[in-house]
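Only one structure is covered here, and it is reproduced in the block below.
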Ligand SMILES: *[C@@H]1O[C@H](CO)[C@@H](O)[C@H](O)[C@H]1NC(C)=O
């Protein structure tokens, strides 16, 4: 009986996945109306189903759910699909037409729907609001205001286009398998200091189009850090913030309010994007160690400083260890 209930629920969730996990651009193409009739029906139906059960915790047993679906082998594929990384186009579009937060959903919508959009306060399982496939959790465009409680097995979290404004210390607690956090296009203005620090598997932290003025403390395994289109200031980056990140390869900080190039960049770095900031100057040793005249940064092939007031011709001795000159103004 339990298995039967679980299978029915799974079918409903996969049906819901068809609309819930569409990338923003596609939904916009459809007019981006508030959830239409068909959509509400699916959610309501799901809500009724769940609320009629005495104890839905028994139905959604996440450890069994994971084994039942067994999408693990497909993970690399899931990561590479259109769900994985939003394109630049989608950012531009949503910048042009900023999303206005909908009015209080509980007022305009049936009560069950109100319950579904407030997962943490009402304790509904996350995999009813989001789509859980194997170790991936998709919560795109789900009106979330907080990070929902996540299954212990979560490796990939996508919660783009929501209204999350703050990341708390306990939000990712104990998620030792978490590899990728994608919170593009939210309203995140602060991240508690130890919210990300104890995530040993975290490789990709994807936070473009938020409101961060300062960087959080980062776990040392991080490989891709994307904080484009925020309000980062140089004073919000600790002087040694990147020194210990020996696996960091891609550092994307374009379109912020930085007035200097971050110091102590690790040798693992391959791309440093700083275009469209307010950088006017650099030190002789920003990239190259003047003491040690060796080619120490063969990896760092892609430095972008265009869109900054800096005159790169003024620092001829700053690039000797780089395989290529930075992109920017050399006149
Ligand atoms: C940039 O610096 C170079 C080298 O000092 C100088 O010749 C050039 O005029 C400067 N350009 C501007 C726009 O200040």
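The values are calculated or read from the model by the stated rules, or taken from the named source; none is laboratory data. Computed from a predicted structure; not experimentally measured. When we count neighbours, we look across all protein chains shown, and the Cβ atoms used for this are built from the backbone with ideal geometry, even at glycine.
If you check 165, 135 for being in contact (Cβ under 8 Å) with a residue 12 or more places away in the chain and touching a helix residue (DSSP H, G or I) at 6+ places or on another chain (Cβ under 7 Å), only one passes: 135.
Put simply, of 222, 181 the only residue that is free of Cβ contacts under 8 Å to residues at least 60 places away in the same chain, closer than 22 Å to residue 144 by Cα and under 16 Å from the mean Cα position of the chain (by Cα) is 181. Number of residues in region 224-236 that are assigned to a loop (DSSP other than H, G, I, E, B) and surrounded by fewer than 19 Cβ atoms within 10 Å (Cβ to Cβ) equals 1. Here residue 318 passes the criteria (1) in contact with a helix residue (DSSP H, G or I) (Cβ under 7 Å, 6 or more places away or on another chain); (2) within 16 Å of the ligand (Cβ to nearest atom); (3) at pLDDT below 95; (4) under 22 Å from residue 250 (Cα atoms) except the one numbered (1).
Against the definition (surrounded by 18 or more Cβ atoms within 10 Å (Cβ to Cβ), outside any loop (DSSP other than H, G, I, E, B) and in contact with a strand residue (DSSP E or B) (Cβ under 9 Å, 6 or more places away or on another chain)), how does residue 261 come out, yes or no? Criteria not met by residue 261. Cβ separations smaller than 9 Å between residues 6+ apart or across chains give the following pairs from region 277-295 residues that are surrounded by fewer than 12 Cβ atoms within 10 Å (Cβ to Cβ) to residues that are at pLDDT below 90: 291/285.
Restricting attention to region 321-331, the residues that are loosely packed, with under 15 Cβ neighbours inside 10 Å and within 15 Å of the ligand (Cβ to nearest atom) add up to 4.
Figure legend. Inter-residue proximity from region 320-331: first residues at negative phi, second residues part of a loop (DSSP other than H, G, I, E, B) and within 11 Å of the ligand (Cβ to nearest atom), beta-carbon distance below 8 Å, spacing 6+ or different chains. Indicated pairs: 329/310; 329/311; 330/311; 331/311. Here region 273-304 is the region considered, the condition is being closer than 20 Å to residue 232 by Cα and not in a loop (DSSP other than H, G, I, E, B), and the residue that is farthest from the ligand (Cβ to nearest atom) is 273.
Residue 307 satisfies every condition listed in (1) within 16 Å of the ligand (Cβ to nearest atom); (2) more than 28 Å from the chain's Cα centre (by Cα); (3) assigned to a loop (DSSP other than H, G, I, E, B) except (2).
Of 254, 244, all but one fail to be out of contact with any helix residue (DSSP H, G or I) (no Cβ under 9 Å at 6 or more places or on another chain), more than 21 Å from residue 275 (Cα to Cα) and touching a residue at least 24 places away in the same chain (Cβ under 8 Å); the exception is 244.
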